[in-house]
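Novice: First, the structure itself, so that you have it in front of you.
Rule-based calculations on the coordinates, nothing more; no lab input. The structure presented is a predicted model; accordingly, all values stated were derived computationally and were not measured. Note: ideal-geometry Cβ built from the backbone for every residue, glycine included; neighbour counts use all protein chains shown.
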Amino acid sequence: MKELQSALSTAGADGSKLVLLSAVGSVFCCFLDFIHFIRCLTDDRKGESARMAEAIRSFVNTFIHFTKPIIIAVNGPAIGLGESILPLCDLVWANEKAWFQMHYTTFGQSPDGCSMIMFPKIMGGASANEMLLCGRKLMAQEACGKGLVSRVFWTGTFTQDVMDHIKELASCNPVMLEKSKSLVRCNMRLELEQANERECEVLKKIWGSAQGMDSMLKYLQRKIDEF
């Protein structure tokens, strides 16, 4: 998260017109490394839960405040925080084989990335609840139909299609790109900051509790048993 924040900080101050965010390989993003996280919580539950909640709050605020357009190219499965922040970006292009899923309730966590307000805004309360509360999996085309994804590209030409559209967008006047984004986002910034704060406070309480630790341990044990 810190590396990505640093990259966005650099991009926000240099001569670039926009940011393209994607991943190498067949997966776009996954959730927390729970084994590492549980070890940290075991050593210092209160301190580590506060530190991690603050790290997420800062990370999400970076996307809320970023002034240049952020284009996301989802090359594969998108799970957890990396999926939650998609509505905070400006365009989301997906490989037709990509899919989206939130496992929060599965391992006893609560949503992050302002998803509790952005997902209902985008796809409506019923569909958002199926993802946030039930962990429903969406394939790329359905995610596009519900407004989470802007456009879906064929797998065989995904990279080339993304770059072609990036070049077209990059040919636009940079001032107009930033002004247009500002007009779209200006009335949402305070609401997003407050939502981010609330979500991180809930996460801090969950991670700092014995019940939260127990939920993560049970989730890991189920995964071990399945393996």
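Novice: Give the lysines reachable from residue 97 as a straight Cα distance under 27 Å; neighbours fewer than 8 places away on the same chain don't count.
Specialist: 121, 137, 146, 167, 223
Novice: Residues with amide H under 5 Å of residue 21's amide H, sequence separation 5 or more or different chain, H placed in the peptide plane at 1.01 Å from N; which?
Specialist: 71, 72, 73
Novice: Bin by bin, in steps of 5 Å, what percent of the Cα pairs in region 49-161 do you find, going until the bin that has the longest distance?
Specialist: 2, 12, 22, 24, 19, 13, 6, 1, 0
Novice: Sticking with this one: Classify the chain as rounded, prolate or oblate from the Cα gyration tensor: take a ≥ b ≥ c as the square roots of its eigenvalues, call it rounded if a/c is under 1.5, otherwise prolate when a/b beats b/c and oblate if not.
Specialist: Numbers: a/c = 1.82, a/b = 1.45, b/c = 1.26.
Judged from the Cα gyration tensor, the chain comes out prolate (a/c at least 1.5, a/b above b/c).
Novice: Same structure again: Just to confirm my numbers, what's the Cα centroid distance between region 185-227 and region 43-90 in Å?
Specialist: Taking the Cα centre of each part, region 185-227 and region 43-90 sit 12 Å apart.
Novice: Each residue of region 42-51 in turn: what ³J(HN,Hα) in whole Hz from Karplus with 6.51, -1.76, 1.60 and θ = phi - 60°, glycine and Pro shown as x?
Specialist: 5, 6, 7, 4, 5, x, 5, 5, 5, 5
Novice: Still on this model: Antiparallel as a % of all DSSP beta bridges within the chain, to the nearest 5? Show your work: numbers first, answer last.
Specialist: Working: 2 of 15 bridges.
So the antiparallel bridges in the chain amount to around 15 percent.
Novice: Residue 16 to residue 218: extension gain in nm, 0.36 nm per residue of separation minus the Cα-Cα distance?
Specialist: On the way: separation 202, 0.36 × 202 = 72.72 nm, distance 4.55 nm.
Roughly 68.2 nm would be gained on extension.
Novice: For residue 153, what residues show an amide H to amide H distance below 5 Å, using hydrogens built from the backbone and excluding near sequence neighbours?
Specialist: 94, 95, 96
Novice: So what are the ³J(HN,Hα) numbers for region 201-214, from phi and the Karplus equation (6.51, -1.76, 1.60; θ = phi - 60°), rounded to whole Hz, Gly and Pro as x?
Specialist: Working through the residues one at a time gives 5, 5, 4, 4, 5, 5, 5, x, 9, 5, 5, x, 4, 4 Hz.
Novice: For the chain, what is the calculated [θ] at 222 nm in deg cm²/dmol (nearest 500), taking -39500 (n - 2.57) for each run of four or more DSSP H residues and dividing by its residue count? Write out the running numbers ahead of the final one.
Specialist: Numbers: 11 runs with 131 residues, N = 227.
Roughly -18000 deg cm²/dmol at 222 nm, from the helical runs in the chain.
Novice: To continue, here is another question. Identify, among 184, 42, 210, the residue whose Cα sits farthest towards the positive end of the charge dipole of the chain, taking +1 on the Cβ of Lys and Arg and -1 on the Cβ of Asp and Glu, with the dipole about the Cα centre.
Specialist: Of the listed residues, the answer is 184.
Novice: Could you give the size of the charge dipole of region 33-110 about its Cα centre, using +1 on the Cβ of each K and R and -1 on the Cβ of each D and E, expressed in debye and rounded to the nearest 20? Before the final figure, lay out the partial values.
Specialist: Working: 7 positive and 8 negative charges, 21 e Å.
So the magnitude is around 100 debye.
Novice: Further, regarding this structure: Can you work out the Karplus-derived ³J(HN,Hα) for every residue in region 166-179? Use 6.51 cos²θ - 1.76 cosθ + 1.60 with θ = phi - 60°, whole Hz, and x for glycine or proline.
Specialist: Here the 3J(HN,Hα) series is 5, 4, 5, 5, 5, 7, 6, 5, x, 5, 5, 4, 5, 5 Hz.
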